[in-house]
Amino acid sequence: MVGLSEGEKHFIRGGIAQDLRADGRTRLQFRALTVETGIIPQANGSARVRMGATEVIASVKAELGKPTILHPDKGKVSIYVDCSPTAAPMFEGRGSEELSAELSVALQRCLLGGKSGAGAAIDLSSLIVVEGKACWDLYIDGLVVSSDGNLLDALAAAIKVALSDTGIPKVNVSLNNETDGEPEVDISDEEFLQFDTSGVPVIITLTKVGKHYIVDATSEEESQMSSAVSVSVNSHGQICGLTKRGGAGLDPSVIFDMISVAKNVSQRFYTLLESAIAAAEAVADE
């Protein structure tokens, strides 16, 4: 928890009420965002995202596996988040384990849909190599390096960028009678297929402080929240998932309004993210 005096708490809440936050932003304004790609050579794709003083890393590792019996036409994706104990004082001890589990579950809900795969923002059918026999398993790992609020949105952005940086090795498949119909898979070391991220959403978290809600909350602002709603929105403005945290209940009309606001500001966030990616690519080309 962030330790604040009563005066500091009043200053934060008062600023949000007047649409002028402590760092000079309006309620629906994001912090500066920077992106780096290809930072982990051993991974198939990786990215670092900084939003203000919040810094996270995402990596993607692709391995050949076997589809499940229930879903022979779909590959598998798992998401795991780890919080560095040095990222924030609250991450020391078991605090980091609880937050890691909470973030992992929230990302899975927003990006992978239900247990059946329905509503998945990541196209699991695109990961199939041979139906019922072979598929790609994607292991997505997130690491919180530095925490100053809005971790879920930053991690989702890092995962989206890491997936866009991901190259899936080209596979040649041949069936051999000598192997009882099991496919022989030859994985190319030179040819890679780019992962399609057009349907992968970003997450917009609206944090309710007093009677108002804000985007991209800092740790100090989050300490004053009554609740927060995280909405995953794709580039077409479609809602892919939703999750809520905080003990205070919300009237359905407020939730619908928050979803509407999240859809509107998501387009602004997409523009911000695309500009950061373009800037990273320009630096890499120099």
inquiry  = Can you go through LYS208, LYS160 and tell me which one is under 19 Å from ARG27 (Cα atoms), of a type in the set (Lys, Arg) and either modelled with pLDDT of 90 or more or in contact with a helix residue (DSSP H, G or I) (Cβ under 9 Å, 6 or more places away or on another chain) (or both)?
reply    = LYS208
task = Take segment 50-69 and flag every residue that is open to solvent by 50 Å² or more (accessible area, probe 1.4 Å) and either of a type in the set (A, V, I, L, M) or farther than 23 Å from ALA158 by Cα (or both).
result = ALA53, LEU64, LYS66, THR68, ILE69
request  = Specify the residue that is nearest to LYS61 (Cα to Cα); the eligible residues are those in segment 180-218 that are open to solvent by 80 Å² or more (accessible area, probe 1.4 Å) and assigned to a loop (DSSP other than H, G, I, E, B).
outcome  = ASP196
inquiry  = Condition first: over 29 Å from ALA279 (Cα atoms), open to solvent by 40 Å² or more (accessible area, probe 1.4 Å) and modelled with pLDDT of 85 or more. Can you find one or more residues in segment 89-102 that meet it?
reply    = yes
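Among ALA47, ALA43, ALA22, which is the only one that is closer than 29 Å to LEU143 by Cα, crowded, with 18+ Cβ neighbours inside 10 Å and modelled with pLDDT under 95?
ALA43
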Qualifying position, being among the polar types (S, T, N, Q) and surrounded by fewer than 19 Cβ atoms within 10 Å (Cβ to Cβ), among SER232, SER223, SER266 = SER223
request  = Considering each residue of segment 3-59, count those that are farther than 17 Å from LYS208 by Cα and more than 21 Å from the chain's Cα centre (by Cα), and give that number.
outcome  = 8
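Each row is one residue, and each column tells you yes or no for (1) open to solvent by 70 Å² or more (accessible area, probe 1.4 Å); (2) at pLDDT below 90; (3) not β-branched (Val, Ile, Thr).
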residue	(1), (2), (3)
ALA248	no, yes, yes
PHE256	yes, no, yes
THR271	yes, no, no
ALA276	no, no, yes
inquiry  = modelled with pLDDT under 90, over 19 Å from the mean Cα position of the chain (by Cα) and part of a loop (DSSP other than H, G, I, E, B): is that true of ALA282 in this structure?
reply    = no
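Which members of segment 223-248 meet the condition of being touching a Ser or Thr at 6+ places or on another chain (Cβ under 6 Å) and either at negative phi or not in a loop (DSSP other than H, G, I, E, B) (or both)?
MET225, ALA228, SER230, VAL233, CYS240, GLY241, THR243, ALA248
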Near pairs, Cβ below 6 angstrom, 6+ apart or cross-chain, from segment 129-146 (of a type in the set (Asp, Glu)) to any residue that is open to solvent by less than 30 Å² (accessible area, probe 1.4 Å) = ASP137/GLY65; ASP141/SER59
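The values are calculated or read from the model by the stated rules, or taken from the named source; none is laboratory data. For clarity, every value in this text was computed on a predicted model and none was experimentally measured. No Cβ is skipped: glycine too gets one built from the backbone with ideal geometry, and neighbour counts run over all protein chains shown. Ligands, DNA and RNA are excluded from the accessible area calculation, which covers all protein heavy atoms including side chains. Shrake-Rupley method; radii C 1.70, N 1.55, O 1.52, S 1.80 Å.
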